[in-house]
Amino acid sequence: MNVDVQYATKEHSHYAQDICDLIESAAKARGTGIAKREPDYIHSKIENEQAVIAVYAGELAGFCYIETWENKKYVVNSGLVVSPKFRNLGLAKKIKKKILRKPWHK
């Protein structure tokens, strides 16, 4: 299965609600306290080029975004999630490598 992992662009904004739903369902399944995300927040991460998305044949496979602090001095990935259908394929690792490869300090 060849899942396309790429930096999210405005063309991916239509996935925002699906991303929010995936984050929420993953948190419920794991019993974690991950905060619920709103589509507007996901839109902002995508539009500010602070996200990576994984898509397979038009279907959302995974997502992750970046949080920065102190004028981009500190950077961390957040919201890393993979759809159950695409788990156990090493996709989370690919997404995380991609998100941390971009020079966020610019």
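The values are calculated or read from the model by the stated rules, or taken from the named source; none is laboratory data. None of the values given here were measured: they were computed from a predicted structure. Cβ coordinates were reconstructed from backbone atoms using ideal geometry, including for glycine residues, and neighbour counts include every protein chain displayed.
See the values below:
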quantity: Residue, modelled with the lowest pLDDT, within the range 89-106, restricted to residues that are of a type in the set (D, E, K, R) and part of a loop (DSSP other than H, G, I, E, B); calculated: Lys106
quantity: Residues being among the aromatic types (Phe, Trp, Tyr) and either farther than 19 Å from Val76 by Cα or touching a Ser or Thr at 6+ places or on another chain (Cβ under 9 Å) (or both) - total across the range 1-53; calculated: 1
quantity: Unique match (being charged (D, E, K, R), under 23 Å from Glu11 (Cβ atoms) and loosely packed, with under 11 Cβ neighbours inside 10 Å) among Arg37, Arg101; calculated: Arg101
quantity: Any hit, the range 72-88, residues being over 21 Å from Asn48 (Cα atoms), among the hydrophobic types (A, V, I, L, M, F, W, C) and at pLDDT 95 or above; calculated: yes
quantity: Test set (1) part of a strand (DSSP E or B); (2) modelled with pLDDT of 95 or more; (3) over 12 Å from Ala8 (Cα atoms) - Glu67 fails condition number; calculated: (2)
quantity: Neighbours by Cβ (under 7 Å, 6+ apart or cross-chain): first from the range 79-93, of a type in the set (Val, Ile, Thr); second assigned to a strand (DSSP E or B) and buried (at least 18 other Cβ atoms within 10 Å of the Cβ); calculated: Val81/Gly62; Val81/Phe63; Val82/Ala61; Val82/Gly62
quantity: Matching residues, the range 7-20, being free of Cβ contacts under 8 Å to residues at least 24 places away in the same chain and surrounded by 15 or more Cβ atoms within 10 Å (Cβ to Cβ); calculated: Cys20
quantity: Subset of the range 3-36 (residues that are part of a loop (DSSP other than H, G, I, E, B), at pLDDT below 85 and either of a type in the set (D, E, K, R) or touching a Phe, Trp or Tyr at 6+ places or on another chain (Cβ under 7 Å) (or both)); calculated: Lys36
quantity: Residues (under 20 Å from Ser44 (Cα atoms) and of a type in the set (Phe, Trp, Tyr)) located in the range 73-90; calculated: Tyr74
